[in-house]
Amino acid sequence: MKILFCTSEAWPLIKTGGLADVCGSLPKALHALGEDVRLVLPAYPEVLERCVGLTSLCELTLTGADAPVEILAGHLSGSDIVLYLVNSPQHFRRPGNPYVREDGRDWPDNAQRFALFARAIVELAQDRAQAGWAPDLVHCNDWQTGLVPALLTREAPRPATLFSIHNLSYQGLFPATTFQQLKLPKALWSMHALEFHGKLSFIKGGIACADQLSTVSPTYAQEIQGSAFGCGLEGLLQYRADDLTGILNGIDTDTWNPATDPFIEQRYDVHSLHRKATNKAALQRDHGLAQDTRPLLLGHIGRLVEQKGVDLILDMLDKLFQHPVQLVVLGSGDLALENRLREAAACYPQQLSVHIGYNEQLAHRIEAGADCLLMPSRYEPCGLNQLYSLAYGTVPIVHRTGGLADSVVDLTPVTARTYSATGFSFDKDTPQTILETCLRALDYYAQPNRIDWWKLIITGMKKDFSWPASAARYQALYREMCGEETDQPRKLG
Ligand code: ADP
Ligand code: GLC
């Protein structure tokens with residue numbers, strides 16, 4: 001099948017979070033399964049710098065651009081996957097983050113930028129961009145590509161459309177006047193398409209208009225149909241429940257593998273786990289924490305936003321640090337949270353080390369060096385860090401929600417006895433329950449005989465969260481959508 005995979009970020013070209021990890025690695029896994037997957041991204045400066053051998057396919061005259069928009073063609077680094085870039089300097093050639101300015105506020109023309117991106121994708125999808133290639137299916141990801149399925153409903157014939165929700169809280173909501181400014185087809189201003197409580201909603205274009213929907217874990221697929229996590233779209237998602245599939249993300253084992261990781265102090269695998277201790281000592285040494293095997297070393301990595309629950313961690317630190325526990329935090333985002341973290345680090349220099357910023361290498365070193373990874377996310381569509389930590393023998397401590405619920409098995413007397421436990425999880429996202437769960441992990445870790453702890457680690461490391469199984473689910477869904485035979489069950493969970 002020919003699949004046009006549309007995304008606003010893909011690692012290693014441009015990344016702000018897990019969307020990039022998935023959109024950089026799922027196409028590779030689908031390609032390995034024999035599919036002709038091609039990726040389309042905006043031509044941000046970082047992407048142009050990192051791509052070599054780009055050629056110009058064509059220039060398109062698109063509504064919303066003062067100058068012709070160039071479509072460039074090349075390959076995704078480290079693979080033979082064809083990459084198309086939408087090159088409109090007016091919209092994409094600017095420094096920094098793809099979505100926000102340096103002060104953390106959205107680029108004021110985000111609606112114009114991603115509407116233009118969508119219009120260029122439609123030209124590629126309809127084979128009007130000199131690519132000589134007409135996809136059978138267009139796979140869109142998150143609100144930045146939400147207008148694509150909506151615009152494609154206006155074309156006939158057209159490819160099938162799949163819209164994947166990676167995070168329902170980011171919706172691409174704009175005032176109604178923006179709808180007119182973008183000169184979108186009038187028929188799309190409807191509660192059955194782009195209109196959402198009098199506003200223009202990009203994500204609704206995907207959810208209402210795509211032929212099929214998916215999200216990144218079976219539990220999140222259920223959760224978004226309820227009012228607690230549905231972000232106002234739960235009614236529409238219930239209505240489309242038969243078209244909604246939850247497929248757990250996979251991990252790129254070329255990048256996240258403790259046996260080959262170039263960033264970590266000492267490489268290891270399940271047969272040489274004793275070497276993990278060197279990574280713990282290195283993490284303690286590099287971050288001014290006492291080099292001692294006795295304290296439980298926790299790690300936390302993530303965007304500093306309400307979703308990730310770092311405020312809940314901060315609220316229980318005074319009690320947590322009465323115990324032999326250390327914590328390394330890596331993140332950036334909300335300025336108030338950054339400041340609170342810095343203040344806490346000043347209070348607990350022996351036990352807390354905080355790194356504000358984005359640091360790929362440190363993320364790997366925390367995954368390898370910590371004993372446990374703390375993810376108290378209020379909601380988590382899938383979450384990748386807990387999957388990385390399972391692969392690195394770093395025991396996840398997680399809130400039982402979304403993909404965290406689907407990937408971590410809580411330690412209970414039964415799961416301990418049957419060797420099925422892989423971590424610690426809790427139901428209520430409160431500082432108290434997080435504290436209690438960390439102390440539960442500490443107790444287990446501190447047992448005189450650490451054999452049970454090793455067993456917990458090994459069970460997690462042996463879990464296979466690599467892409468092939470999940471990519472096969474996408475492949476089955478594509479086949480079903482394109483009317484081809486499949487023997488894979490589509491519904492998960
Ligand atoms: P989300 O997409 O909601 O941010 P995920 O867990 O799916 O959450 O993915 C986050 C990805 O971003 C992971 O690869 C993680 O290692 C990475 N990441 C997040 N914050 C940082 C940071 N400050 N430095 C380096 N990597 C980070
Ligand atoms: C989103 C979600 C995260 C998920 C990622 C990739 O950013 O917040 O849970 O893992 O997308 O699908």
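The values are calculated or read from the model by the stated rules, or taken from the named source; none is laboratory data. These figures come from a predicted structure and were not determined experimentally. For neighbour counting, all protein chains shown are included, and Cβ atoms are generated from backbone atoms with ideal geometry for every residue, glycine included. What goes into the accessible areas is simple: the full protein's heavy atoms, side chains included, and nothing from ligands, DNA or RNA. Shrake-Rupley method; radii C 1.70, N 1.55, O 1.52, S 1.80 Å.
Structural remarks
- Extended-chain gain in nm, criterion 0.36 nm per residue less alpha-carbon gap, THR412 and VAL270: 48.8 nm
- Accessible carbon and sulfur surface of the range 273-464 relative to its total accessible area, %, 1.4 Å: 53 percent
- Spacing of the two label points (7 Å from each Cα toward its C-beta) at ALA228 and ASP36, in nm: 4.6 nm
- Farthest toward positive dipole pole in the chain [+1 Lys/Arg, -1 Asp/Glu at C-beta], among HIS139, PRO185, ASN339: ASN339
- Each peptide in 35-47, 335-347 receives the mean, over its residues, of other Cβ atoms within 10 Å, and ordering these scores from highest gives 35-47, 335-347.
- Separation between Cα centres of the range 266-319 and the range 374-412, rounded to whole Å: 15 Å
- Ranked from largest to smallest solvent-accessible area, with a 1.4 Å probe on the protein heavy atoms, TYR379, TYR170 come out as TYR170, TYR379.
- Here r is the Cβ-Cβ distance between ALA156 and PHE263 and R0 is 56 Å; the resulting FRET efficiency, rounded to 0.05, is 0.65.
- In straight-distance terms, cross-link reach from LYS2 covers every one of the lysines whose alpha-carbon lies under 26 Å from its own, apart from those fewer than eight places away in the same chain; here that gives LYS15, LYS28, LYS204, LYS491.
- Taking all protein chains together and a 1.4 Å probe, the residues HIS31, HIS271 rank HIS271, HIS31 from largest to smallest accessible area.
- Total charge dipole magnitude, the range 325-443, about the Cα centre, Cβ charges on Lys, Arg, Asp, Glu only, Debye to nearest 20: 120 debye
- C-alpha center-to-center spacing [the range 1-39, the range 154-171] in angstrom: 15 Å
- Residue-normalised accessible area of the range 273-464, given per residue in Å² at a 1.4 Å probe: 39 Å²
- Charge-dipole axis of the chain as Lys and Arg at +1 and Asp and Glu at -1 on Cβ define it, positive-most pick from VAL408, LEU151, GLN126: VAL408
- Charge sum, other residues only, whose C-beta stays under 11 Å from THR278's C-beta, Lys/Arg counted +1 and Asp/Glu -1: +4
- For the chain, size of Cβ-based charge dipole, Lys and Arg +1, Asp and Glu -1, in debye: 320 debye
- Assuming charge only on the beta carbon of Lys and Arg (+1) and of Asp and Glu (-1), the dipole of the range 1-58 about its Cα centre is about 80 debye to the nearest 20.
- Protein heavy-atom accessible surface, 1.4 Å probe, per residue over the range 34-113: 47 Å².
- At most 15 other Cβ within 10 Å, DSSP loop - chymotrypsin sites (Phe, Trp or Tyr not before Pro), the range 252-331: PHE263
- Global geometry of the range 128-189, whether rounded, prolate or oblate, following the gyration tensor of its Cα atoms and the 1.5 cut on a/c: oblate
- When peptides 392-402, 304-314 are sorted by average Cβ neighbour count within 10 Å, with the highest value leading, the order is 392-402, 304-314.
- The chain: relative contact order in percent, alpha carbon pairs under 8 Å with at least 6 residues between: 12 percent
- Semi-axes of the equivalent ellipsoid for the range 159-307, computed as √(5λ) from the eigenvalues of its C-alpha gyration tensor and ordered from largest down, come to 45, 18, 15 Å.
- For the range 59-117, a/c is not less than 1.5, where a ≥ b ≥ c are the root eigenvalues of the C-alpha gyration tensor, and a/b does not top b/c. That puts it in the oblate class.
- Other residues within the sphere of radius under 13 Å centred on the Cβ of ILE313, judged by their own Cβ, net out at -1 (K and R +1, D and E -1).
- Full-stretch length increase - CYS347, ASP242 - with 0.36 nm per residue and alpha-carbon distance subtracted: 32.6 nm
- Rounded to whole Hz, the Karplus (6.51, -1.76, 1.60) HN-Hα couplings of the range 202-216, x for glycine and proline: 5, 5, 5, x, x, 5, 7, 10, 5, 5, 9, 10, 9, 9, 9
- Listed residue (LEU384, GLY299, GLN351) projecting farthest to the positive dipole end of the chain, Cβ model: GLN351
- The stretch between GLN361 and ASN339, if pulled fully straight at 0.36 nm per residue, gains 5.6 nm over its current Cα-Cα span.
- Degrees between helix 451-462 axis and first principal axis of the chain (Cα, 0 to 90, nearest 10): 10 degrees
- Loop-resident sites, the range 145-232, for trypsin sites (Lys or Arg not before Pro), counting at most 16 other Cβ within 10 Å (DSSP): ARG154, LYS183
- The lysines within cross-link reach of LYS199, meaning a Cα-to-Cα straight distance under 16 Å and a gap of 8 or more places when in the same chain, are LYS183, LYS186.
- Value of [θ]222 nm, deg cm²/dmol, for the chain, DSSP H segments ≥ 4, -39500 (n - 2.57) each, nearest 500: -10500 deg cm²/dmol
- Nearest 10 degrees, 0 to 90: helix 360-369 Cα axis against the chain principal axis: 40 degrees
- Antiparallel bridges, percent of DSSP beta bridges restricted to the chain (to nearest 5): 25 percent
- In the range 67-135, trypsin sites (Lys or Arg not before Pro) in a DSSP loop with at most 16 other beta-carbon atoms within 10 Å: ARG93, ARG101, ARG105, ARG128
- By average C-beta atoms within 10 angstrom, highest first, the peptides 163-169, 66-72, 381-387, 323-329: 381-387, 163-169, 323-329, 66-72
- Separation of the HIS75 and ASP443 label points, Cα + 7 Å toward Cβ, nm: 5.5 nm
- Bins of 10 Å from zero: percent of alpha-carbon pairs in the range 273-464: 10, 41, 40, 10, 0
- Dividing the convex hull volume of the alpha carbon atoms of the chain by its residue count gives 144 Å³ per residue.
- Applying the Kirkwood pairwise sum to the alpha-carbon positions of the range 314-397 produces a hydrodynamic radius of 13.7 angstrom.
- Cut-off 20 Å, label 7 Å out along Cα→Cβ of LYS199, residues of the range 109-127 by amide N: 109-116
- Axis angle, to the nearest 10 degrees, between helix 431-445 and the longest C-alpha principal axis of the chain: 60 degrees.
- With a Förster radius of 41 Å applied to the beta-carbon distance between TRP133 and LYS455, the computed FRET efficiency rounds to 0.20.
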